[in-house]
Amino acid sequence: MLISIESKHNSHESVWDKCLTTIEEKVDSLCYNAWFRYTKLLNPNSQDLIIETTNAFAADYIEENFSDLIEYALNKESVRFNTISFSASETVLEILPEEDHEDDVPVLSASKKVIESPKTEPKLTGSFRPDYTLDNFIVGESNQFAHTSCLAVAEAPGQTCFNPLFIHGDTGLGKTHLLQAVGHFIHDECTADNVLYLSGKDFIDQYMDHVKSQGNSVAFSSKFADVDVLLIDDIHFLRGKTGTQKEFQRIFNNLLVQKKQIILTSDRHPEKIQDMMDHLINRFLGGLVIDIQPPKFETRMEILRSKAASDGIHLPEEVVQYIAGHVTENVRELEGTLIKLIASASFTGTEISMETASRIFGDVISRQNQRLTITSIQKAVADYFGITINQLRAHTRKRDITYPRNIAMYLCKELLKQSRKTIGLDFGGRDYSTVIYACKKIEKEITDNAELQKHVNDITSGLQHLK
Ligand code: ADP
Ligand code: MG
């Protein structure tokens, strides 16, 4: 029997608001803002519920990933239903809150009629690398959300709530690749006409050149008037440059009010960019801010396999594991290591093998191990017990291996601020409960077991020099 929702929920808050509160408690805020914030339950009194999302991509994504959670939230509110389906909203979201307009910056009024210009050939302007495509981008846990958001934006530029889309992360983690991949996708699929890619530095240079040649900044923003999608890489370059920031703000506001898409990348979260105008930072925070983390072991292996395959090179699996096990923090360095290996093997006319890999990359690897990371702890433990990192990560229950592995997991937990989940993943994709078990075991035994104490102390002293 269908419970009448209106009679049961006659408070001001709708049943869907209540469901959203439940959902918000179950997912992190980034996820909630990205997928749920703008959803609506169109027909709460029907048995065949329809949930409206911002676009077709979000509808598919939510259906695929969050159906169970939505069912749970509806059940909690005692909503009876037969089916749930997802639809895409036809209306584009309002992006600029009225009260947020700054007086000193001219902004095109939303109600101003935009004169339709005749359709021209779609344009991709800027230095795009042809290989920076979505197809060539390996998706793993560390970049999945950034990838998904980029895809959503590429499918419907300016029509999602991800505007601007702000991607941040350390160097070499794929921000430029992803940004340019959006441009390629939009161009190939014709989802918008005019895509412009500029680095933050290019933007400053072009602005300076304009001011130098014209004697003032008038008309600089008109260069961006036809842009449908603006991709600015490394926006943090604008820090401390107040004049350029003001000009950027003008362009940014004009594009946003016309519902043009903006995607920005930075080496840090907007709030951590120093000497950036508050108004701009607030604007950056007004869309979707997302980070990219260093890839996990499995993803690093996948990236290596994919890069080698695109060069027509066969990499033995043990070499893949070896490099992925040692070059852990930066994809650019991972790639550099592979290029060096391929070049060296082709010079000497030899096959790529473990021997060549360990000989050639001793220097890269020793540099990597200067830092205290999961890998450097694994290496220290493996060396101490005379086993390999791969054995430590392998799924074996032999005591020769489980004992060092438990110590290594325990040290990772004690010495690093990594979550148990991350540690588990870097130990051959194990579940976090395995890490909890290993740590508890060591903690329990260490007080009464002198040998174990010695092992842990020796290894910890050996790690002292690492930062
Ligand atoms: P960033 O802009 O964050 O400094 P880049 O986009 O320049 O990093 O990436 C550095 C290199 O690593 C590029 O050659 C890029 O193709 C590669 N790369 C980064 N992440 C991935 C990934 N997930 N899949 C494939 N290649 C990647
Ligand atoms: Mg970059």
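Considering Gly140, Gly158, the condition of being over 20 Å from Thr328 (Cβ atoms), more than 16 Å from ligand 2 (Cβ to nearest atom) and modelled with pLDDT under 95 is satisfied by Gly158 alone. Taken over segment 272-302, residues that are within 30 Å of Ile374 (Cβ to Cβ), assigned to a helix (DSSP H, G or I) and away from ligand 1 (no atom under 15 Å from the Cβ) amount to 1.
One residue stands out among those in segment 188-214 that are touching a residue at least 40 places away in the same chain (Cβ under 8 Å), among the hydrophobic types (A, V, I, L, M, F, W, C) and in a helix (DSSP H, G or I): the one that is farthest from Ala154 (Cα to Cα), which is Ile204.
Would you be able to say whether some residue in segment 169-177 is within 16 Å of ligand 1 (Cβ to nearest atom), buried (at least 23 other Cβ atoms within 10 Å of the Cβ) and closer than 20 Å to Lys260 by Cα?
First pass over segment 169-177, keeping only residues within 16 Å of ligand 1 (Cβ to nearest atom): 169-177.
Now drop any that are not buried (at least 23 other Cβ atoms within 10 Å of the Cβ), which leaves 173-175.
From the residues that got through so far, the ones that are closer than 20 Å to Lys260 by Cα too are none.
No, because not a single residue in segment 169-177 is within 16 Å of ligand 1 (Cβ to nearest atom), buried (at least 23 other Cβ atoms within 10 Å of the Cβ) and closer than 20 Å to Lys260 by Cα.
If the condition is being closer than 19 Å to Pro295 by Cβ and of a type outside the set (D, E, K, R), then segment 409-467 contributes Cys412, Leu416, Gln418, Ser419, Thr422, Ile423, Gly424, Leu425, Phe427, Gly428, Gly429, Tyr432. The residues of segment 124-168 that are within 16 Å of ligand 1 (Cβ to nearest atom) and aromatic (Phe, Trp, Tyr), listed by number, are Phe128, Tyr132, Phe137, Phe145, Phe166.
For segment 203-236, give me each residue that is closer than 23 Å to Ile273 by Cβ and open to solvent by 60 Å² or more (accessible area, probe 1.4 Å). Across segment 203-236, the qualifying residues are Asp205, Gln206, Met208.
Name the pairs: first residue in segment 438-467 and more than 18 Å from Leu392 (Cα to Cα) and free of Cβ contacts under 8 Å to residues at least 24 places away in the same chain, second residue in a helix (DSSP H, G or I) and of a type outside the set (A, V, I, L, M, F, W, C), Cβ to Cβ under 8 Å, at least 6 apart or on different chains? These pairs meet every condition: Ile446/Gln453.
Go through segment 371-467 and tell me which helices (runs of 4 or more DSSP H), entirely inside it, have 3 or more residues that are open to solvent by 70 Å² or more (accessible area, probe 1.4 Å) and farther than 27 Å from Val320 by Cα. Let's see the steps before the verdict.
Details: elements: 374-385, 389-393, 399-415, 420-426, 432-446, 450-462.
Once the helices (runs of 4 or more DSSP H) in segment 371-467 are filtered for at least 3 residues that are open to solvent by 70 Å² or more (accessible area, probe 1.4 Å) and farther than 27 Å from Val320 by Cα, what remains is 432-446, 450-462.
Of the set (1) away from ligand 1 (no atom under 16 Å from the Cβ); (2) of a type in the set (A, V, I, L, M, F, W, C); (3) under 30 Å from Arg300 (Cα atoms), all apply to Phe185 but (1).
Which residues, counting only those in segment 147-168, are assigned to a strand (DSSP E or B) and open to solvent by 10 Å² or more (accessible area, probe 1.4 Å)?
Initially, segment 147-168 is screened for residues assigned to a strand (DSSP E or B), giving 165-168.
Across segment 147-168, the qualifying residue is only His168.
The set of residues from segment 218-242 being within 16 Å of ligand 1 (Cβ to nearest atom) and either farther than 18 Å from Ser127 by Cα or hydroxyl-bearing (Ser, Thr, Tyr) (or both) comprises just one member, His236.
Is it the case that some residue within segment 337-356 is closer than 21 Å to Arg393 by Cβ and touching a residue at least 40 places away in the same chain (Cβ under 8 Å)? Looking for residues that are closer than 21 Å to Arg393 by Cβ and touching a residue at least 40 places away in the same chain (Cβ under 8 Å), one finds none in segment 337-356, hence no.
Does Thr133 satisfy the condition of being more than 13 Å from Ala58 (Cα to Cα), hydroxyl-bearing (Ser, Thr, Tyr) and either within 14 Å of ligand 2 (Cβ to nearest atom) or open to solvent by 50 Å² or more (accessible area, probe 1.4 Å) (or both)?
Answer is no for this residue.
Of all the listed residues (Leu280, Leu315, Leu338, Leu285), the sole one being away from ligand 2 (no atom under 16 Å from the Cβ) and open to solvent by 40 Å² or more (accessible area, probe 1.4 Å) is Leu285.
Counting only helices (runs of 4 or more DSSP H) that sit completely within segment 303-364, those holding 3 or more residues that are among the charged types (D, E, K, R) and within 16 Å of ligand 1 (Cβ to nearest atom) correspond to 331-348.
The values are calculated or read from the model by the stated rules, or taken from the named source; none is laboratory data. Note that this is a predicted model, so its numbers are computed, not measured. FYI the Cβ positions are ideal-geometry reconstructions off the backbone, even for glycines, and counts take in every protein chain you see. All accessible areas refer to the heavy atoms of the entire protein, side chains included, with ligands and DNA or RNA removed. Shrake-Rupley method; radii C 1.70, N 1.55, O 1.52, S 1.80 Å.
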